[in-house]
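The values are calculated or read from the model by the stated rules, or taken from the named source; none is laboratory data. Nothing here was measured: the structure is a model prediction, and the numbers come from that model. A quick note on method: Cβ atoms are made from the backbone with ideal geometry, for glycine too, and the neighbour counts reach across all protein chains shown. Protein only, heavy atoms only, side chains kept; ligands, DNA and RNA dropped before computing areas. Shrake-Rupley method; radii C 1.70, N 1.55, O 1.52, S 1.80 Å.
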Amino acid sequence: GAFILRQNGDGSGNGMAITSSHATSHRIWKDASGNLNIGSSANADAFKQDTTGNLTIEGSISSGDITSTHTGGGTINLRRDDTTISGTNTLGAILFQGDDPTDGTFNSGAAIFGTANGSWASGSYPGQLELKTRNTSGSLVTALTLGSDQSATFTGNVTLNSRLTFEYNGSGTGNNYIETGTNTLAFKNSGGTSIILTNFSTGATTFAGN
């Protein structure tokens, strides 16, 4: 095939292009702003790198890992291009998938969704996180919602390995908690004294006070 370097890289009088013909239907070009572009006329921004190094890809990355490295910490932005966000519109999602049992056919077993939590307006952008899981049948179901009011809502049972602490003054001190032991459940104050102790073996409940 031909290898052609031409002016008018974007078909609108801007930049330079490398093409396989004199047409601009498929090309690699540098536009008037200095951005490097790879794509067809139908998807001109399939690959775009601007003068500051930002990279934009429209479509899927079929293989490989995605790594973001920056001195201030890497960032991955998942964006909804929409000026009328409302309700629980999806802002972005991470889907965890596999192609077992059919090669090339991918299904989601778990997911993290970022969604709106109401209508957006200038200075008001309510959002929430939904952690979804899937059992042996059915579709993805929300297991945990972290709300815009910083609440946490669990759909199913919650299993604790040790204790549940209640912080009432925001300082991290002076907290009461519930703690499990061998066949026991204790309500304790910040000093570790059992105020209420229930023994599941005997069925007895002991109160520290009246």
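Kindly provide the set of residues from the range 95-124 that are in contact (Cβ under 8 Å) with a residue 12 or more places away in the chain, open to solvent by less than 80 Å² (accessible area, probe 1.4 Å) and not in a loop (DSSP other than H, G, I, E, B), ordered by number.
Ser108, Gly109, Ala110, Ala111, Ile112, Phe113, Gly114, Thr115, Ala116
Does Thr136 satisfy the condition of being over 26 Å from Ser33 (Cβ atoms), open to solvent by less than 70 Å² (accessible area, probe 1.4 Å) and out of contact with any Cys (no Cβ under 7 Å at 6 or more places or on another chain)?
Numbers: over 26 Å from Ser33 (Cβ atoms): yes; open to solvent by less than 70 Å² (accessible area, probe 1.4 Å): no; out of contact with any Cys (no Cβ under 7 Å at 6 or more places or on another chain): yes.
Answer is no for this residue.
Can you tell me which residue among Ser60, Ser86, Ser33 is in contact (Cβ under 8 Å) with a residue 12 or more places away in the chain, outside any strand (DSSP E or B), open to solvent by 70 Å² or more (accessible area, probe 1.4 Å) and among the hydroxyl-bearing types (Ser, Thr, Tyr)?
Details: Ser60 fails: in contact (Cβ under 8 Å) with a residue 12 or more places away in the chain; Ser86 fails: open to solvent by 70 Å² or more (accessible area, probe 1.4 Å).
So the residue among Ser60, Ser86, Ser33 that is in contact (Cβ under 8 Å) with a residue 12 or more places away in the chain, outside any strand (DSSP E or B), open to solvent by 70 Å² or more (accessible area, probe 1.4 Å) and among the hydroxyl-bearing types (Ser, Thr, Tyr) is Ser33.
Identify all residues within the range 150-168 that are in a loop (DSSP other than H, G, I, E, B) and in contact with an Asp or Glu (Cβ under 7 Å, 6 or more places away or on another chain); write none if there are none. Write out each step before concluding.
Applying the first criterion (in a loop (DSSP other than H, G, I, E, B)) to the range 150-168 yields 150-151, 155-162, 167-168.
Residue satisfying the conditions is Ser162 alone.
Considering only the range 201-208, I want to know if a residue exists there that is at pLDDT below 95 and closer than 30 Å to Phe96 by Cβ.
no
What tally of residues in the range 182-209 results from selecting those that are free of Cβ contacts under 8 Å to residues at least 12 places away in the same chain and either more than 16 Å from Arg163 (Cβ to Cβ) or surrounded by 13 or more Cβ atoms within 10 Å (Cβ to Cβ) (or both)?
If we filter the range 182-209 for residues that are free of Cβ contacts under 8 Å to residues at least 12 places away in the same chain, which is where we start, we get 182, 187, 191-192, 202-205.
Filter once more, so that each one left must be either more than 16 Å from Arg163 (Cβ to Cβ) or surrounded by 13 or more Cβ atoms within 10 Å (Cβ to Cβ) (or both): 187, 202-205.
Number of matching residues: 5.
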